[in-house]
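Here the structure is laid out as structure tokens; the discussion comes afterwards.
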Amino acid sequence: MKQAEWTPLARNDLGEILYHIAVEDGRPETAEQLAAEIQKRCDEYSQAYVDGSVLGGARPEFGIGYRVFSHKRWVIVFRPLDDRGIEIMRVLDSSRDYGKLF
């Protein structure tokens, strides 16, 4: 299965989310589970693009070719990489103001 490529900013986003859940909320098992779930969903989307599917909602206001999908309360912003899969650009809490982030 093709794995999604992650930008440093997206990895940082996910790290901050997981830190908050694991340390500040005191739920390390939940953080580990969420990390695995998000990675799995991203890899599934990446494989779908390799297989020729177009998934996720278009969000041109974030950047040329940017698309999104959600997992629970988080929004994953990505861009297709042709037949190479997808690149994860950001992982955001759905309650955030996206306009300030892009």
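The values are calculated or read from the model by the stated rules, or taken from the named source; none is laboratory data. Since the structure is predicted, the reported quantities are computational estimates derived from the model, not experimental observations. So basically every Cβ, Gly included, is an ideal-geometry build from the backbone, and we count neighbours across all protein chains shown.
So that you can scan it fast, the table gives a plain yes or no per residue for (1) part of a strand (DSSP E or B); (2) polar (S, T, N, Q):
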{"position": "ILE21", "(1), (2)": "no, no"}
{"position": "ILE38", "(1), (2)": "no, no"}
{"position": "GLN47", "(1), (2)": "no, yes"}
{"position": "SER53", "(1), (2)": "no, yes"}
{"position": "PHE62", "(1), (2)": "no, no"}
{"position": "VAL77", "(1), (2)": "yes, no"}
{"position": "ILE88", "(1), (2)": "yes, no"}
{"position": "LEU92", "(1), (2)": "yes, no"}
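Condition check for SER70 on (1) assigned to a loop (DSSP other than H, G, I, E, B); (2) hydroxyl-bearing (Ser, Thr, Tyr); (3) under 12 Å from the mean Cα position of the chain (by Cα): one failure, at (1). Using the structure shown, decide if GLU24 is modelled with pLDDT of 95 or more and among the charged types (D, E, K, R). Against the criterion (modelled with pLDDT of 95 or more and among the charged types (D, E, K, R)), GLU24 does not qualify.
Here is a check on your reading of the model: is VAL50 in contact with a helix residue (DSSP H, G or I) (Cβ under 8 Å, 6 or more places away or on another chain), surrounded by 15 or more Cβ atoms within 10 Å (Cβ to Cβ) and modelled with pLDDT under 90? Taking the combined requirement at face value, the residue satisfies it. Just one residue in the set PRO80, PRO60, PRO28 is touching a helix residue (DSSP H, G or I) at 6+ places or on another chain (Cβ under 6 Å), on the phi < 0 side of the Ramachandran plot and loosely packed, with under 15 Cβ neighbours inside 10 Å; that residue is PRO28. The one condition from (1) in contact with a helix residue (DSSP H, G or I) (Cβ under 7 Å, 6 or more places away or on another chain); (2) over 16 Å from ILE17 (Cα atoms); (3) among the hydrophobic types (A, V, I, L, M, F, W, C); (4) surrounded by fewer than 17 Cβ atoms within 10 Å (Cβ to Cβ) that ALA35 does not meet is (2).
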